[in-house]
Amino acid sequence: MTRIIMHGCNGHMGQVISDLVKNDSEAKIVAGVDMVDNRDNGYPVFTNLKDCDVEADVMIDFSSYKAADGVLDYCTEKKLPLVLCTTGLTEEQLQKMKECSSRTAILKSANMSLGINTLLKLLKDAAKVLAGAGFDMEIVEKHHRLKCDAPSGTALALADALNDAMDQQYHYVYDRSQVHQPRDDKEIGISAVRGGTIVGDHDVIFAGPDEVITFSHRAYSKAVFGKGAVEAAKYLTGKGPGLYDMQDVIG
């Protein structure tokens, strides 16, 4: 039985994961942490992470980048494995995460879904063939109106997967409104759309002479991310220090 501390338990994803774990015989949430304690989750909730003294095997964090430093400090001090799902981390926080992973197991993924992580593998093969043949690469991501960071962490992960497959590094272009010149051969355009209640749409476009190939992923419910986070927590339980990702979970 994997004992989980759910950081950000009263947020939307925290509640999704709480509901999923209720029906999971291999996992249990033993404590939650949230700035607001306004509901009965069936487990104790702490409004200050430092006050959480419940024994656990792993923490899942689905909160805000503003809380990431405290989460990393807490898990490092207690040598508690961490599934870090929060996006929008600063470069300083990403560096701190790497440093903390030398003392405890940390799994970081821009997107927890099985579909996206399979797509990351497919894109590397596609880029080798298509970009090598002169196809331009563009990414369009769409999310709900409340998402603060843009582009999404998933869009950046998709761009990185494309780049990893190439012999030469491509640069990313986020806004063409101020660029009045033809497209560069070695660039990946990334466009962000925010509106409504879109859970998460990502299109990777390979545009070549007289043909276009598009890889698309649509998330219709945040449960796909929650399920991945729970599976990641089970995987990370008992693991030694190191930096892991969803590619490790799916094998």
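Just name the residue that is modelled with the highest pLDDT out of those in the range 139-154 that are more than 11 Å from Val193 (Cβ to Cβ) and buried (at least 17 other Cβ atoms within 10 Å of the Cβ).
First, pick out the residues of the range 139-154 that are more than 11 Å from Val193 (Cβ to Cβ): 139, 146, 148-149, 153-154.
Those still in the list that are buried (at least 17 other Cβ atoms within 10 Å of the Cβ) too: 139, 153-154.
Values: Ile139: 98, Gly153: 86, Thr154: 90.
Restricting to residues being more than 11 Å from Val193 (Cβ to Cβ) and buried (at least 17 other Cβ atoms within 10 Å of the Cβ), the top hit is Ile139.
Per-residue answers, yes or no, for (1) surrounded by 13 or more Cβ atoms within 10 Å (Cβ to Cβ); (2) hydrophobic (A, V, I, L, M, F, W, C):
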| residue | (1), (2) |
| --- | --- |
| Val173 | yes, yes |
| Gln181 | no, no |
| Gly196 | no, no |
| Gly200 | yes, no |
| Asp203 | yes, no |
| Glu211 | no, no |
| Gly240 | no, no |
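Pull out all pairs, ordered by first then second residue, where Cβ-Cβ is under 6 Å, the residues are six or more apart or on different chains, the first lies in the range 95-112 and is in contact (Cβ under 8 Å) with a residue 60 or more places away in the chain, and the second is open to solvent by 50 Å² or more (accessible area, probe 1.4 Å) and not in a loop (DSSP other than H, G, I, E, B). Listed pairs, sorted by first residue: Ser101/Leu243; Ile106/Leu243.
The residues listed here are Cys75, Cys85; of these, the one that is crowded, with 21+ Cβ neighbours inside 10 Å, without any contact (Cβ under 8 Å) to a residue 60 or more places away in the chain, touching a Ser or Thr at 6+ places or on another chain (Cβ under 9 Å) and not aromatic (Phe, Trp, Tyr) is Cys75. Pairs meeting the criteria (first residue in the range 1-26 and on the phi < 0 side of the Ramachandran plot, second residue of a type in the set (Ser, Thr, Tyr) and part of a loop (DSSP other than H, G, I, E, B), beta carbons under 6 Å, at least 6 apart or on different chains) are Thr2/Thr237; His7/Ser63.
Could you check, for the range 93-113, whether at least one of its residues is assigned to a loop (DSSP other than H, G, I, E, B), surrounded by fewer than 18 Cβ atoms within 10 Å (Cβ to Cβ) and in contact with a helix residue (DSSP H, G or I) (Cβ under 7 Å, 6 or more places away or on another chain)? Checking the range 93-113: at least one residue is assigned to a loop (DSSP other than H, G, I, E, B), surrounded by fewer than 18 Cβ atoms within 10 Å (Cβ to Cβ) and in contact with a helix residue (DSSP H, G or I) (Cβ under 7 Å, 6 or more places away or on another chain). Screening Ala157, Ala229 for residues that are at pLDDT 90 or above, more than 15 Å from Leu120 (Cβ to Cβ) and of a type outside the set (Lys, Arg) leaves exactly one candidate, Ala229. Output the residues belonging to the range 37-61 that are among the acidic types (Asp, Glu), out of contact with any helix residue (DSSP H, G or I) (no Cβ under 7 Å at 6 or more places or on another chain) and surrounded by 12 or more Cβ atoms within 10 Å (Cβ to Cβ). Correct list: Asp37, Asp57. Taking the range 20-36 as the range and being surrounded by 12 or more Cβ atoms within 10 Å (Cβ to Cβ) and of a type in the set (A, V, I, L, M) as the test, the residues that pass are Leu20, Val21, Ala27, Ile29, Val30, Ala31, Val33, Met35. Taking the listed residues Thr154, Thr197, Thr214, the one that is hydroxyl-bearing (Ser, Thr, Tyr) and assigned to a helix (DSSP H, G or I) is Thr154, with no other qualifying. Beta carbons closer than 7 Å, at least 6 apart along the sequence or on distinct chains, pair a first residue in the range 37-52 that is among the polar types (S, T, N, Q) with a second that is open to solvent by 90 Å² or more (accessible area, probe 1.4 Å) for Thr47/Met35.
If you go through the range 161-182 one residue at a time, do you hit one that is more than 30 Å from Lys78 (Cβ to Cβ), under 14 Å from the mean Cα position of the chain (by Cα), outside any helix (DSSP H, G or I) and at pLDDT below 95? Within the range 161-182, none of the residues are more than 30 Å from Lys78 (Cβ to Cβ), under 14 Å from the mean Cα position of the chain (by Cα), outside any helix (DSSP H, G or I) and at pLDDT below 95.
So which of Ala133, Ala126 is loosely packed, with under 14 Cβ neighbours inside 10 Å, within 21 Å of Gly189 (Cα to Cα) and touching a strand residue (DSSP E or B) at 6+ places or on another chain (Cβ under 9 Å)? Give the steps one after another, and end with the answer.
Details: Ala126 fails: loosely packed, with under 14 Cβ neighbours inside 10 Å.
Within the list Ala133, Ala126, the selection yields Ala133.
The values are calculated or read from the model by the stated rules, or taken from the named source; none is laboratory data. Fair warning: this is a prediction, and the values are worked out from it, not measured in the lab. Quick reminder, even Gly has a Cβ in these numbers, built from the backbone with ideal geometry, and neighbours come from all protein chains shown. All accessible areas refer to the heavy atoms of the entire protein, side chains included, with ligands and DNA or RNA removed. Shrake-Rupley method; radii C 1.70, N 1.55, O 1.52, S 1.80 Å.
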